[in-house]
Amino acid sequence: MNLCWTTLPQNLKLTRHGCDRGVGMNGAGIFGAIFARDVRLAWSQGGTGTMALSFFLIAVTLFPFGVGPEPQTLARIAAGVIWVVALLACLLSLDRLYQADYEDGSLDDLALSPLGLTGVAAAKILAHWVATILPLVALSPVLGMLMNLDGDAYGMLLLSLLIGTPALSLIGSVGAALTVSVRRGGVLMSLLVLPLYVPTLIFGVGAIDAAAGMTDALPHLAFLGAVTLVALVIGPVASAAALRLSLE
Amino acid sequence: MAEFLDMGGYAAFVWTAYGLTALALVVLAVSSLRAGKKARDRVEQLRPRRRKGQA
Amino acid sequence: MTGRHHSSFETRVLKADGLATSRGGRRVFEGLSFELHAGGLLYLRGPNGSGKSTLLRLVAGFVKARAGTLTYGDSDWTVNAPAYDAALIYAGHDNALKPVLTLRENALAYVSLMTGEAPAAARLDGAARLFGLTALLDRPARFFSSGQKHRANLMRFALLDRPLWLMDEPTVGLDAVSRQSLADLMTSHLAAGGMIIAATHDPIGVDGDELVLDNFTPKLEIDEAWL
Amino acid sequence: MHRFANPAEFNRLADAILPWAKVVMAAAFLYGLYLALYASPADYQQGESVRIMYIHVPAAWMAMFTYMVVAVASFTALVWRHPLALLAGKAAAPIGLVFTGLALLTGMLWGKPMWGTYWVWDGRLTSVLVLFFLYLGYMALWRALDEEDKAGRAASILALVGVVNIPIIKFSVDWWNTLHQPASVMRMDGPSMPVEMLWPLLTLAVAYKAYFVVVLLYRMKLEINLRKLSVLSSLEVQG
């Protein structure tokens, strides 16, 4: 078996040189491997999947105790409460996104992957979103019922959460990467990241209220999607830069 | 003069706003200046000893 | 030797010239140069804090060089990250194992992280047998002793075909049998044209050149401007 | 290393600028306060309380301006690894925090006589509040990491992510504001203002900027000496 690398192109898709049986180097395979491992870990013992879901459930059910069970009151604040609690659940579960790897030394291995840290960060963010946030979104209609959400708004609740929550994972990942070497960095991370969540929260809730109030929700969704796209550009790159700091 | 101080009945708000602003700006400037001097003096203190140590 | 198939590396020269770096605001070494050719083994000697680990992490691309150049063939590793050349395996102090995953799953995760594909089953079993971990292949890593965890971490050298090996204190916590397995593994790697840099105190039983880090301690701790 | 990379060079530059900045600051403040408090008309609606605007608006402007300074310093520090740029970010942030705090404070004192409540969820005030948290995050990150150089670069990354998000936050808050409360409180800051009101505002804005330069240079000298202290004490440790 002969390893005949001469010069490898430095982009994501590193093709095999005409080796007879050289070890393959495909970026998609690496991305998939990181994604699968993180999704697996998120739902294994000690993972963040169950924790975020149970927090989401419990925290939303607290509100009726606080503001009283009158259906009109609950209905008016339903969208806002569900979005804020989903946002906090996302923040809580992001704390260990990189810290677990930093502590057991596997962050060094992640940094040495030919995929590059930006690709690694993107894979881990996607895994976090799929494993930890999608279950929340799937559960949100149930909480909509608990909060007596207006009947026409359920579709928009799901749609706005689907379009908006990726930005929470993407920007939250930067906060997690910046505080990876900080003991109990979770508190600091929320201070860094929550101000950046404001646009997603405003447009997310705005879309649901528009749907409930029979007005046009499209502009809200459009801006929500735009914010997520910006986060998509910033998130992995800034996270990779922050992680490189902690490797030094 | 009294009429000027009264600020058309809004004296409390106007003078508090200006007063607190002045206070904050002065305190920030003075504390920055003084801390800078203190740090510079301590640097001067340490540096000759360092050079003596090397000599 | 156990079922480790023979591989030959078309390796390139690793050349360090006048390397200098600092860590934690303090300069660690300066003017450090060495050359490593196919089949070469370089031991890093020197007391703790003399920069052995820092040099390994610099070669691996984690630490930036403040001055000097580090080239691997035509690729300049002080500029672009060594990761993209996929030419080195790095084993640090910590044993990068996920306690929840079994030894097989951890090994699979590592190899697919580096190549995007799963290792051949025979190769995985061979690597486990090499370090006497066959019985633990399907047990979660959280049950392992620290010695077993360390040996599991060393399995990476038997799982990937890469020319340059960077080893940080590889013999810590190894019993005599595993130490011999490691020595055999290293010898066959060198015979196949591979290269190794190892930071270690005790002898592994494989002869190689020595680089004493003390010779490169910086004259000036911090640059004059900041004094 | 760049020409301004070493502290001695910077100190010479700072000592050259400082006297001029102080003169401009003093003159602008004196003349500005005279205009703001005495030589400008009361507003037909708000009466004399409109004078608070003359110190509220410049503070809000400076809060934003200072964050831009921090972002530029952070960019320079990250891209060219410029140690003084790193310290400039650290030196500027507390000034920005004070400006943001003052903008909030004077905004509340301005809102109370007109709207009967201290806090009004007006678009601009809310944006300044979010900016306040961005400053807190930046300064907290500086202190959180033990190694100074790493802490600085981490905070610089945060500042760059923050500065990209500021226009988005501003837009979303204004959008949210028009949604929930169409009447805006602080309409009185556009150029549509009568000229007599524009002069005090601009004069005080100049005064605030000059003040910023003076205190930034003070704090830069402080940060440089603090850095020297940590360098010297680390040498002491090794003896």
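Please report how many Lys pairs in segment D:25-238 have alpha carbons closer than 21 angstrom, counting only residues at least 8 apart along the chain or sitting on separate chains.
Here the count comes out as 7.
For segment A:27-247, just the Cα set please: Rg and Dmax, both in angstrom.
Calculated on Cα positions, Rg and Dmax stand at 17.6, 57 Å.
Taking trypsin sites (Lys or Arg not before Pro) as candidate sites, keep only those in a DSSP loop with at most 14 other Cβ atoms within 10 Å, then name the longest stretch of chain A containing none of them.
Excluding the exposed sites themselves, the longest stretch runs over A:22-182.
Rounded to the nearest 500 deg cm²/dmol, what is the calculated helix-only ellipticity per residue at 222 nm for chain D, with -39500 (n - 2.57) per DSSP H run of length n ≥ 4?
It comes out at -29000 deg cm²/dmol, rounded to the nearest 500.
Tell me, what ³J(HN,Hα) does each residue in segment B:12-21 have, in order and in whole Hz, if you take phi through Karplus 6.51 cos²θ - 1.76 cosθ + 1.60 with θ = phi - 60° and put x for Gly and Pro?
Values, residue by residue: 4, 6, 5, 6, 5, 4, 5, x, 5, 4 Hz.
Given just the C-alpha atoms of segment A:137-225, how large is their convex hull per residue in cubic angstrom?
Convex hull volume per residue, Cα atoms: 98 Å³.
Considering Cα pairs under 8 angstrom that are at least six residues apart, work out the relative contact order of chain C and quote it in whole percent.
It rounds to 31 percent for chain C.
Can you give me the distance in nm between label points at residue B:45 and residue A:139, each placed 7 Å from the Cα along the Cα-to-Cβ direction?
Between residue B:45 and residue A:139, the label points sit 5.8 nm apart.
Could you work out [θ]222 nm for chain C from helices alone, using -39500 (n - 2.57) per DSSP H run of at least four and dividing by all its residues? Round to the nearest 500 deg cm²/dmol.
-8000 deg cm²/dmol
So what does the Cα-only Debye profile of chain D read at q = 0.10, 0.14 Å⁻¹, as log10 I(q)/I(0), no solvent term?
-0.55, -0.97
For segment D:67-182, what is the per residue volume of the convex hull drawn over the alpha-carbon atoms, in cubic angstrom?
Per-residue hull volume (Cα only) is 88 Å³.
Against the empirical 2.2 N^0.38 Å scaling, what ratio does the C-alpha Rg of chain B come to?
2.23
Which cross-chain or sequence-distant (5 or more) residues have an amide H under 5 Å from the amide H of residue C:66, H modelled 1.01 Å from N in plane?
Counting only residues 5 or more places away or on other chains, the set is C:20, C:21, C:22.
What number of lysine-lysine pairs in chain C show an alpha-carbon separation below 21 angstrom, given a sequence spacing of 8 or more or placement on distinct chains?
Counting lysine pairs in chain C gives 6.
Between residue A:233 and residue D:79, take the C-beta separation as r, use R0 = 22 Å, and let me know the FRET efficiency to the nearest 0.05.
The calculated FRET efficiency here is 0.80.
Counting pairs of Cα atoms in segment C:97-161, how many percent are more than 14 Å apart?
Here the tail beyond 14 Å accounts for 48 percent of pairs.
Ordered by residue, what ³J(HN,Hα) values in Hz, to whole numbers, does segment D:32-48 give under the Karplus form 6.51 cos²θ - 1.76 cosθ + 1.60, where θ = phi - 60° and Gly and Pro are x?
x, 5, 4, 5, 5, 8, 10, 9, 9, x, 6, 7, 5, 8, 7, x, 5
When the Karplus curve 6.51 cos²θ - 1.76 cosθ + 1.60 is applied with θ = phi - 60°, which whole-Hz ³J(HN,Hα) does each residue of segment D:218-230 get, with x for Gly and Pro?
4, 6, 5, 4, 4, 5, 5, 5, 5, 5, 4, 4, 5
Taking the alpha-carbon centroid of each part, what is the distance from segment D:42-107 to segment A:55-90 in angstrom?
Using only Cα atoms to place each centre, the spacing works out to 36 Å.
Rounded, prolate or oblate for segment C:25-114? Axes are the square roots of the Cα gyration tensor eigenvalues, ordered a ≥ b ≥ c, and the cut-off for rounded is a/c under 1.5.
Prolate shape, in that a/c is at least 1.5 and a/b is the bigger ratio.
Return the average number of partner chain Cβ atoms within 10 angstrom of each residue Cβ along peptide C:88-96.
4
Any idea what the dipole of chain C comes to, in debye rounded to 20, about its Cα centre with Lys/Arg Cβ at +1 and Asp/Glu Cβ at -1?
The calculated dipole for chain C is roughly 700 debye.
Taking 0.36 nm per residue of sequence separation and subtracting the Cα-Cα distance, how much length would be gained by fully extending the chain between residue C:117 and residue C:188, in nm to one decimal?
Fully extending the segment from residue C:117 to residue C:188 adds 23.1 nm.
Where the eigenvalues come from the Cα gyration tensor of chain C, what are the semi-axes √(5λ) of the equivalent ellipsoid, largest first, in whole Å?
Whole-Å semi-axes of the equivalent ellipsoid: 31, 19, 17.
Classify the protein assembly as shown from the C-alpha gyration tensor, please: rounded if a/c falls under 1.5, else prolate or oblate depending on whether a/b exceeds b/c.
Cα axes put the protein assembly as shown in the oblate bin.
Multiply the residue gap between residue D:118 and residue D:38 by 0.36 nm, knock off their C-alpha separation, and tell me the result in nm, one decimal place.
Once the chain is fully extended between residue D:118 and residue D:38, it gains 26.3 nm.
What dipole magnitude, in Debye to the nearest 20, does segment C:97-161 give about its Cα centre under +1 on Lys/Arg Cβ and -1 on Asp/Glu Cβ?
So the magnitude is around 280 debye.
Given labels modelled 7 Å from the Cα in the Cβ direction, how far is it in nm from residue D:230 to residue C:71?
Distance between the two pseudo-spin positions: 3.7 nm.
Using 1/(1 + (r/R0)^6) with R0 = 45 angstrom and r between the beta carbons of residue C:125 and residue A:162, what's the FRET efficiency to the nearest 0.05?
Working from the Cβ atoms, E equals 0.55.
Efficiency by 1/(1 + (r/R0)^6): what FRET value for residue D:8 and residue C:143, r their Cβ-Cβ distance, R0 = 56 Å, to the nearest 0.05?
Here the calculated transfer efficiency is 0.40.
For chain D, what's the relative contact order in percent, using C-alpha pairs closer than 8 Å and at least 6 residues apart?
Reported as a whole number, the value is 33 percent.
Note down the relative contact order for chain A as a percent, whole number, built from C-alpha pairs under 8 angstrom at least six residues apart.
22
Each reported figure results from applying straightforward, stated rules to the coordinates on display, with no laboratory input. Note that the structure is predicted; figures quoted are calculated from it, not measured. A quick note on method: Cβ atoms are made from the backbone with ideal geometry, for glycine too, and the neighbour counts reach across all protein chains shown.
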